[in-house]
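Working notes, beginning with the structure itself.
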Amino acid sequence: DAKTTQPNSMESNEEEPVHLPCNHSTISGTDYIHWYRQLPSQGPEYVIHGLTSNVNNRMASLAIAEDRKSSTLILHRATLRDAAVYYCILSATSGTYKYIFGTGTRLKVLA
Amino acid sequence: GAVVSQHPSWVICKSGTSVKIECRSLDFQATTMFWYRQFPKQSLMLMATSNEGSKATYEQGVEKDKFLINHASLTLSTLTVTSAHPEDSSFYICSARDSVRPIWAFFGQGTRLTVV
């Protein structure tokens, strides 16, 4: 299973954009890139996913490098409710599709 | 979005007893479900993959006789922690893949197990 590397923690000021990086240099051509976030004592919550092109949804944007070896989750205006652990996960497009979680990035949002 | 429900949300049990945790996909069919455990301040660790109607596949180091998984229907998987001990205290989380849209998974809210 391809592995991802993320910074352990990041801080952001409220109302400012946040860019959360993820390295996945061993990604295969058919792996999807998923982002989930986890609030304390809750299960992970889906944020966004993509394959090759950049993606936008109501929660965030996902920017994928041209070589697909890295990606960045962008929260356009961080709020206190965005404080969570963010996980970048790769998933194959066939087989069991299982997710292997890395350490994630703990995002702290400062008021 | 799709909903996965876990029950109970928390449970306290005595050492030596068994505890069953249920995971249900409420508005979709899930051929495959996954069970994770998470210790404080740590990431989720995949324990096993369960497929409807067949035996679960356990990750290396996970005792299959201790963590019994049953996936008898397309909407329900159960994890039974047998002969629980304090070191089994953890946060257990299930996830389910929509059989029609298997690309991403939906997670339950987790079950906090405390063994005393």
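Bear in mind these aren't lab numbers, they're just calculated from the coordinates by the rules spelled out. All of these numbers come straight from a predicted model, not from anything done at the bench. Methodologically, a virtual Cβ is constructed for each residue, glycine included, from the backbone with ideal geometry; neighbour enumeration extends over all protein chains shown.
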Legend entry - Failed item in (1) under 27 Å from residue A:103 (Cα atoms); (2) outside any loop (DSSP other than H, G, I, E, B); (3) of a type in the set (A, V, I, L, M, F, W, C), with residue B:30 passing the rest: (2)
Legend entry - Those strands (runs of 3 or more DSSP E) lying entirely in segment B:58-116 with at least 1 residues without any contact (Cβ under 8 Å) to a residue 60 or more places away in the chain, among the aliphatic types (A, V, I, L, M) and away from chain A (no Cβ under 14 Å): B:67-73, B:76-81
Legend entry - Boolean, residue B:101 is surrounded by 15 or more Cβ atoms within 10 Å (Cβ to Cβ) and of a type in the set (Lys, Arg): no
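From A:89, A:74, A:64, which residue is aliphatic (A, V, I, L, M), under 13 Å from the mean Cα position of the chain (by Cα) and within 10 Å of chain B (Cβ to nearest Cβ)?
The conditions single out A:89.
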Inset, instruction - With the condition kept exactly as written, say whether any residue in segment A:41-48 is buried (at least 19 other Cβ atoms within 10 Å of the Cβ), more than 11 Å from the chain's Cα centre (by Cα) and away from every other protein chain (no Cβ under 14 Å). - result: no
Inset, instruction - List every residue pair whose Cβ atoms lie under 7 Å apart, where the two residues are 6 or more positions apart in sequence or sit on different chains, the first residue falls within segment B:11-31 and is in contact (Cβ under 8 Å) with a residue 12 or more places away in the chain, and the second residue, located anywhere, is of a type in the set (Phe, Trp, Tyr) and surrounded by 17 or more Cβ atoms within 10 Å (Cβ to Cβ). - result: B:21/B:92
Inset, instruction - Would you mind stating whether residue B:34 is within 14 Å of chain A (Cβ to nearest Cβ) and surrounded by 16 or more Cβ atoms within 10 Å (Cβ to Cβ)? - result: yes
Inset, instruction - Answer yes if at least one residue in segment A:2-22 is of a type in the set (Lys, Arg), in contact (Cβ under 8 Å) with a residue 40 or more places away in the chain and surrounded by 15 or more Cβ atoms within 10 Å (Cβ to Cβ), and no otherwise. - result: no
Inset, instruction - Using the structure shown, decide if residue A:94 is surrounded by fewer than 12 Cβ atoms within 10 Å (Cβ to Cβ) and within 14 Å of chain B (Cβ to nearest Cβ). - result: yes
